[in-house]
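Student: Take a look at this one; I'll ask things after.
The values are calculated or read from the model by the stated rules, or taken from the named source; none is laboratory data. None of these values were measured; they are calculated from a predicted model. Note that we place each Cβ from the backbone using ideal geometry, even for glycine, and neighbour counts take in every protein chain shown. Only protein heavy atoms, including side chains, enter the accessible area calculation; ligands, DNA and RNA are left aside. Shrake-Rupley method; radii C 1.70, N 1.55, O 1.52, S 1.80 Å.
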Amino acid sequence: MSEIDRDSIIKTAELLGGHNIKINGADLSDLDLSGINLAGANLNGCDMHNMKLEDTILRGAVMESVNLANSDLERVDMSNARLYRANMTNTDLRDSILVEAYLGSSNLQNANFAGADLSKARLQHADIRGADFSKAKIIGADIKYARYDETTKWPDGVNPFLTGAVYYDR
């Protein structure tokens, strides 16, 4: 098996398109993949903690059960991405685009979504305790059964109880 590094991912994505990148279960932790177009890539089960992905395009990417804990995803386009059961604890998603992204059952504890666009995103059953949604655009987002606590920050005027989200005080 050949080594997976930034240069090989860039070259493959440029020549074949991001949708042909299929790196299931690989350890990509600590890589800097900032600014790469990986639209439609399949990254299921990858360990991507401590990664730099600023300004990366992951539109429509399939990233189920991926570990993105402590990663920098500032200004990333993850529109229509599938992030079911993803670990995004302490992840920086400021000013990112997650329009119609699926984040069901994901761990989003202490993630920073300030200024992000989560319009029509689906966060059902996600753990959003301590997450920062201040100044985020959440029009039409589904947070039914998502667990929040007193440290979760909401856009002005949002009452999460009215959406079916569940207050969790443990």
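Student: Output the residue which, of all residues in segment 139-165 that are assigned to a strand (DSSP E or B) and in contact with a helix residue (DSSP H, G or I) (Cβ under 9 Å, 6 or more places away or on another chain), is surrounded by the most Cβ atoms within 10 Å (Cβ to Cβ).
Tutor: Filtering first and then ranking leaves TYR148.
Student: Which of the following residues is open to solvent by less than 70 Å² (accessible area, probe 1.4 Å), at pLDDT 95 or above and either closer than 18 Å to SER105 by Cβ or among the acidic types (Asp, Glu) (or both): ALA136, ALA121?
Tutor: Exactly one residue qualifies, and that residue is ALA121.
Student: Identify the residue in segment 47-86 that is in a strand (DSSP E or B) and of a type in the set (Val, Ile, Thr) and, among all such residues, is farthest from GLY104 (Cα to Cα).
Tutor: Residue satisfying both the conditions and the ranking: ILE57.
Student: Just need a number here: residues in segment 1-43 that are out of contact with any helix residue (DSSP H, G or I) (no Cβ under 8 Å at 6 or more places or on another chain), surrounded by fewer than 18 Cβ atoms within 10 Å (Cβ to Cβ) and not in a helix (DSSP H, G or I).
Tutor: Count: 14.
Student: What's the total number of residues in segment 87-111 that are of a type outside the set (Phe, Trp, Tyr), part of a strand (DSSP E or B) and within 17 Å of ILE143 (Cβ to Cβ)?
Tutor: Taking segment 87-111 first, the residues of a type outside the set (Phe, Trp, Tyr) are 87-101, 103-111.
After this cut, where a residue has to be part of a strand (DSSP E or B) as well, the list is 87, 92, 97, 107.
Applying the additional criterion that residues be within 17 Å of ILE143 (Cβ to Cβ) yields 107.
Residues flagged as of a type outside the set (Phe, Trp, Tyr), part of a strand (DSSP E or B) and within 17 Å of ILE143 (Cβ to Cβ) within segment 87-111 amount to 1.
Student: Let me ask something additional. Look at ASP117 and say whether it is touching a Lys or Arg at 6+ places or on another chain (Cβ under 9 Å) and free of Cβ contacts under 8 Å to residues at least 40 places away in the same chain. Explain how you work it out, then say what you get.
Tutor: Details: touching a Lys or Arg at 6+ places or on another chain (Cβ under 9 Å): yes; free of Cβ contacts under 8 Å to residues at least 40 places away in the same chain: yes.
Criteria met by ASP117.
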